[in-house]
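Heads up: the structure comes next, in structure tokens.
Only the coordinates and a few stated rules stand behind these numbers; no lab work does. All values reported here derive from a predicted model rather than from experimental measurement. So basically every Cβ, Gly included, is an ideal-geometry build from the backbone, and we count neighbours across all protein chains shown.
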Amino acid sequence: MFQIRIHGRGGQGVVTAAEMLSVAAFRESRFAQAFPSFGSERTGAPVVAFCRIDDWAIRLREPVLHPDALIIQDPTLLHQVDVFSGLVRDGYILINTSRSFSELGLGEFVRGFHVQHLCTVPATELALKHVGRPVPNAALLGGFAAVSGRIGIESVLTAIREKFPAKIADGNVAAARAAYDYVLGEMQEVSRAHAN
Amino acid sequence: MLTQTEGSHAVAEAVARCRPEVICAYPISPQTHIVEGLGSMVKSGALANCEFINVESEFAAMSVAIGASAAGARAYTATASQGLLFMAEAVFNAAGLGLPIVMTVANRAIGAPINIWNDHTDAMSQRDCGWIQLFAEDNQEALDLHIQAFRLGEELSLPVMVCMDGFILTHAYERVDIPEQAQVDAYLPRYEPRQVLDPAEPVSIGAMVGPEAFMEVRYLAHAKQMQALELIPGYAEEFRAVFGRNSGGLLHPYRMEDADTVVVALGSVLGTVKDTVDEMRDKGARIGVLGITCFRPWPHAAVRAALAGAKRVVVLEKSLAVGLGGIVSSNVHNSLAAPETPVHTVIAGLGGRTITRASLHKAFGRAISGKLEALSFLDLDRAAVDRVLVREREVRRSGPIAEAVLRDMGAPGARIG
């Protein structure tokens, strides 16, 4: 089982992101479960959503306490919520930011992590460019497909098209693809830096 | 058709395929997505020959359902929590009149303190009102139980409540098989009412009944519920023949062979319980699970037979009979062939409190080693409780309790799970 936890704020499409990720996994003939943390949803309040992906039917109903991957839609949460709680050793971390892990003050925290598992992507900027609104969720799923390799980008794009009406879907698909390419580029840079 | 969708949407699709003729509802979380979905199907024409009636309260929702059902229409509504309480008088009437309304209860806690999250207090508060109560383990079963509910309710002329855990199921995306219309049509015959308000053949429904006959009418309500126990296994079997999967029935036994310890539970928590039990089985524990699908009528004989080999029973329940303890466990205890068998009541998940495998491991382990109390509260913050009790002893005007507990705990929004 692969477990993903998505942190963000009300209005950023956190719950929708988990749902779309589960649809993408379903499109790959896998079993998936997505659910929100059921807070009183208010714009701007911290929101958590969960997604589990497995090759068998998923019965477990507890929240994702030990995520294999974290998607952080809003870096201001880093100092407000214990977003890293329970993260498995060498888990994936994808943060929506144009800054680096060390610029975010996380350099020390991620020392020893697999460098290929750590990525940042300016998803809000990509959303503003392609969608016209600061909703980073679809872009982050594109980035997640790239950094984790656990889900195909085409499945993510299919899920986005299933979720949104055509006009909104187009922009989100473009944002997801741009984020996918961005993260792949970032990962290649990291591996080149390591090879040297 | 296999699809990945939200539980509420899956239920709306299932209800639509049952061809309801009147749907009346008042919005309340976590039920709202179901009737929203049905409302848009009526508006678009996807659900034909159906009237969607917006009402001004839950009391009106059930009253309209009663009127529609008495006029011979297939009627459906959905509610939760305070909404169910607000319609309670009409809920009793629907059962007393023998009108086969189907209602989803998206289980949610009851205030005060106000709480929108899941537990079973709402459904349990109506357990003796005369409705059949079925509890879904996952979204596939929630969907399937609605189809079986119309069949069962209409055959017996009794209303049926399909209980599904609010948020945990209603708002969860998972894989479900949404049946074809032809399958539902093959399983669910046209509604043939036993009683109908028809100007051509006038009758009155709802006469006043005095002491000379009231007991007999009530006995007949009980007898009908006993008939439901006979019908339910057969309807589940027929369902399997048409739809190709097991759903419904009275009980869901799991790894019960040779089990010394049996965990009894209802609803979606069964998934987490089964995963925990699998892990304990791997380490050699002889533990099994008995899921209660049909809570009303209480399947006394089936529970008695299923628990015949148990050395101890742990009843995990998401409701609290304040001043007593367990509701489900009291029912279980009544059904034990050997009344001296220890029954441990574990109250869990109240107001949406997370039920984790880790906590279940501890509780079940304590039961096996004979250390589990007769009544316990999973993950209760004892220190928080004690602080309030101390303050109440020391200060006369100690203030409102809920606010004091919240203040002591700091900012719960910062926690995960």
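Label positions at B:HIS361 and A:THR43, each projected 7 Å from the Cα along the C-beta direction, are separated by 4.4 nm.
For peptide A:54-65, the mean count of partner chain Cβ atoms within 10 Å of a residue's Cβ comes to 6. With a ≥ b ≥ c taken as the square roots of the eigenvalues of the C-alpha gyration tensor of segment B:2-243, please select rounded if a/c is under 1.5 and otherwise prolate if a/b is larger than b/c or oblate if it is not? It comes out rounded by the Cα gyration axes.
Quarter the surface of the alpha carbon convex hull of segment B:28-86 and you get the mean projected area, 4.0 square nanometres.
Which FRET efficiency value, to the nearest 0.05, is calculated for B:LYS283 and A:ARG111 with the Förster distance at 35 angstrom and r the Cβ-Cβ distance? For R0 = 35 Å, the calculated efficiency reads 0.45. The ranking of B:LYS43, A:LYS129, B:LYS318 by Cβ neighbour count inside 10 Å, starting from the fewest, reads B:LYS43, A:LYS129, B:LYS318. With contributions of -39500 (n - 2.57) from each DSSP H run of at least four residues, the per-residue ellipticity at 222 nm computed over chain A stands at -12500 deg cm²/dmol.
How many percent of all Cα-Cα pairs in segment B:251-377 sit more than 17 Å apart? Distances greater than 17 Å cover 52 percent of the Cα pairs. GNM on chain B, alpha-carbon springs under 10 angstrom: the most fluctuating residue among B:GLY37, B:GLY206, B:GLY351 is B:GLY206.
Going from the alpha-carbon gyration tensor of the protein assembly as shown, what semi-axes, largest first and in whole Å, does one get by taking the root of 5 times each eigenvalue?
43, 30, 23
Identify the residues of segment B:337-376 with backbone N under 13 Å of a label point that sits 7 angstrom from the Cα of B:ARG255 along the Cα-to-Cβ direction, or state none. Answer for segment B:337-376: B:361, B:364-365. Label separation (B:ARG387 vs A:GLU28): 4.5 nm, computed from points 7 Å beyond Cα along the C-beta direction.
Filter the trypsin sites (Lys or Arg not before Pro) in segment B:279-311 down to the DSSP loop ones having no more than 11 other Cβ atoms within 10 Å, then list what survives.
B:LYS283
Across chain A, the relative contact order, built from alpha-carbon pairs under 8 Å that are at least six residues apart, equals 20 percent.
The Rg/Rh ratio of segment B:366-406, with Rg taken over Cα atoms and Rh as the Kirkwood radius over Cα pairs, comes to 1.17. The residues packed around B:SER398, meaning those with a beta-carbon under 10 Å from its beta-carbon, carry a net charge of +2 if Lys and Arg are +1 and Asp and Glu are -1. The long axis of helix B:58-70 is offset from the longest Cα principal axis of chain B by roughly 40 degrees. Neighbour counts of other Cβ atoms within 10 Å put A:TRP56, B:TRP298, B:TRP131 in the fewest-to-most order A:TRP56, B:TRP298, B:TRP131.
How many percent of the alpha carbon pairs in chain B exceed a separation of 40 Å?
Pairs farther apart than 40 Å: 18 percent.
Each peptide in A:150-160, B:114-124, A:87-97 receives the mean, over its residues, of other Cβ atoms within 10 Å, and ordering these scores from highest gives B:114-124, A:150-160, A:87-97.
Rank B:ARG74, B:ARG382, B:ARG296 by mean-square fluctuation in a GNM of chain B with C-alpha springs under 10 angstrom and give only the top-ranked residue. Evaluated over chain B, the most mobile residue of the options is B:ARG382.
Under the definition of partner shielding as Cβ atoms of other protein chains within 10 Å of a residue Cβ, what is the mean value for peptide A:27-37?
Shielding by partners across A:27-37 averages 4.
Listing B:MET87, A:MET1, A:MET187, B:MET208 from the residue with the fewest other Cβ atoms within 10 Å to the one with the most, what is the order?
Working: B:MET87 25, A:MET1 13, A:MET187 18, B:MET208 5.
With the sparsest Cβ surroundings first, the list reads B:MET208, A:MET1, A:MET187, B:MET87.
Summary of the geometry: segment A:119-162 and segment B:266-286, compared by the centres of their Cα atoms, lie 37 Å apart. Our summary of shape: the Cα atoms of chain A have principal axis extents of 44, 36, 34 Å, ordered from largest down, in whole angstrom.
The helix-only estimate of mean residue ellipticity at 222 nm for chain B, built from DSSP H runs of length n ≥ 4 each weighted as -39500 (n - 2.57), is -13000 deg cm²/dmol after division by the residue total.
Against the main long axis of the alpha-carbon atoms of chain B, helix B:269-282 sits at an angle near 50°. The mean number of Cβ atoms from other chains found within 10 Å of a Cβ in peptide B:165-175 is 6, as a whole number. Considering only A:HIS130, A:HIS114, A:HIS79, the Gaussian network model of chain A with Cα springs below 10 Å gives its largest mean-square fluctuation to A:HIS79.
Among the lysines in segment B:251-377, how many pairs, 8 or more places apart or on different chains, have alpha carbons under 16 Å apart? The partial results should precede the final answer.
Numbers: B:LYS274/B:LYS283; B:LYS274/B:LYS362; B:LYS283/B:LYS362; B:LYS311/B:LYS371; B:LYS362/B:LYS371.
Final tally of qualifying lysine pairs is 5.
Relative to the longest principal axis of the Cα atoms of chain B, helix B:139-156 runs at roughly 50 degrees.
Return the loop-located GluC sites (Glu not before Pro) in segment B:187-282 (DSSP other than H, G, I, E, B) with at most 14 other Cβ atoms within 10 Å of their own Cβ; answer none if there are none.
Details: sites: B:GLU212, B:GLU216, B:GLU230, B:GLU237, B:GLU238, B:GLU257, B:GLU279; in loops: B:GLU212, B:GLU257.
For GluC sites (Glu not before Pro) across segment B:187-282 that sit outside H, G, I, E and B with at most 14 neighbouring Cβ atoms in 10 Å, the list reads B:GLU212, B:GLU257.
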